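To start, the structure under review is shown below, and the notes come after it.
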Amino acid sequence: MKAIKIDVLTLFPDMFSAVMSESMMWKARDQGLLDFQVHDIRDYAGNRQRKVDDAPYGGGGGMILKADVLTRAIEAVKAEDGAPVILLSPQGRLLRHEVASELSQQPRLILVCGHYEGVDERAIELAINDEISIGDYVLTGGELAALVLIDAVVRLIPGVLGAEGAQQRDSHADGALEGPHYTRPSAFRGLGVPAVLTSGHHAEVDRWRRRQALKRTWERRPDLLLNAPLDDDDRAYLAQLEDAAGD
Ligand code: ADE
């Protein structure tokens, strides 16, 4: 059984308790697939006031997380382990499916949440191996970004999601978005269900689903199709969509 250990370093440990104690993240922990621990950076402040930040050299507003405090915290949590230490930061590489998938192969991750205006660059140089952003916007801190990363990574670990292989059908897993889904009732406020889904023809259903996925991706995220693995049928269908749009 493959499991992952995730340590988070944060100034706001309470931000993790609700999310990590519900739903799939809780199930993963309960089943021993995820060992999750939060560490309060303030415990490594090294002073009685538990002060972890200071004003930036050169002036300007905001407070900077101190290099000595953060380095001490990371070294204490990391011990002798070779686990990657990842800073959540808007300056990092973008979290995409491929990145989540790569991280889900690791036995252990150490996530560092920056806060305030920033982190002393020397702590990044000395103790951080990777920086990841969850999107091109700025959050007040790395905590929500860490939770997004944890959720995206942990759900890829075999056994976390009920249905074996559900991850393979995800939007993004094969480079395309997922198509629409339906469940009972068969008629709702005048809207029905595509007939093929109730036809019992599995091959037809698969073909329809693939085409819907391609159509949705073509309409909403055509950029994804540049790197998606496509077979001859896919290409022919996309050409058909292009032709119809050109009419
Ligand atoms: N911290 C602040 N903004 C962030 C972002 N977009 N991604 C990751 N960490 C962040």
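Read-outs throughout are calculated quantities, based only on the coordinates presented, and are distinct from any laboratory measurement. Just so you know, these numbers come straight off a predicted model, no measurement behind them. Counting neighbours? That spans all protein chains shown, and the Cβs are built from the backbone with ideal geometry, glycine included.
A Förster radius of 45 Å combined with the Cβ-Cβ distance from Gln37 to Arg207 puts the calculated FRET efficiency at roughly 0.45. Taking a straight line from the alpha carbon of Lys66, these lysines sit under 19 Å away, with near neighbours fewer than eight places off in the same chain left out: Lys51, Lys78.
Of the residues Ser171, Ser199, Ser23, which exhibits the maximal mean-square fluctuation in a Gaussian network model of the chain defined by a 10 Å Cα contact cut-off? For the chain, modelled as a Gaussian network with Cα springs under 10 Å, the answer is Ser199.
Ile64: net charge of surrounding residues, Cβ under 13 Å, Lys/Arg +1, Asp/Glu -1, itself excluded? Once all neighbours under 13 Å are counted, the net charge is -3. Normalised by the residues of the chain, what does the relative contact order come to in percent, with Cα pairs under 8 Å and at least six apart? So the answer I get is 18 percent. Where both partners of a DSSP beta bridge lie in the stretch 1-66, what percent of those bridges are antiparallel, to the nearest 5? Antiparallel: roughly 20 percent of the beta bridges in the stretch 1-66. Taking amide H as placed 1.01 Å from N in the peptide plane, the amide H of Asp35 sits under 5 Å from that of Ile4, Lys5, Ile6, each at least 5 places away or on another chain. A straight Cα-to-Cα reach below 18 Å connects Lys27 with the aspartates and glutamates Asp7, Asp35, Asp151, Glu164, residues fewer than 8 places away in its own chain not being considered. Amide H to amide H distances under 5 Å link Ser133 with Ser89, Gly92, Arg93, Leu94, Leu95, where only residues 5 or more positions off or on other chains count and H is placed in the peptide plane. Were the residues from Gln240 through Asn47 laid out at 0.36 nm apart, the gain over their Cα-Cα distance would be 62.7 nm. Counting only alpha carbon atoms, the long axis of helix 67-78 and the longest principal axis of the chain meet at about 60°. Taking Cα atoms only, the orientation of helix 232-246 departs from the longest principal axis of the chain by about 80 degrees. Computed extension gain for Trp26 through Arg220, at 0.36 nm per residue and net of the alpha carbon distance, reaches 66.5 nm. The long axis of helix 202-220 is offset from the longest Cα principal axis of the chain by roughly 60 degrees. Considering only Val205, Val148, Val119, the Gaussian network model of the chain with Cα springs below 10 Å gives its largest mean-square fluctuation to Val205.
Our estimate of slack between Asp54 and Asp14, defined as 0.36 nm per intervening residue step minus the Cα-Cα distance, is 12.1 nm.
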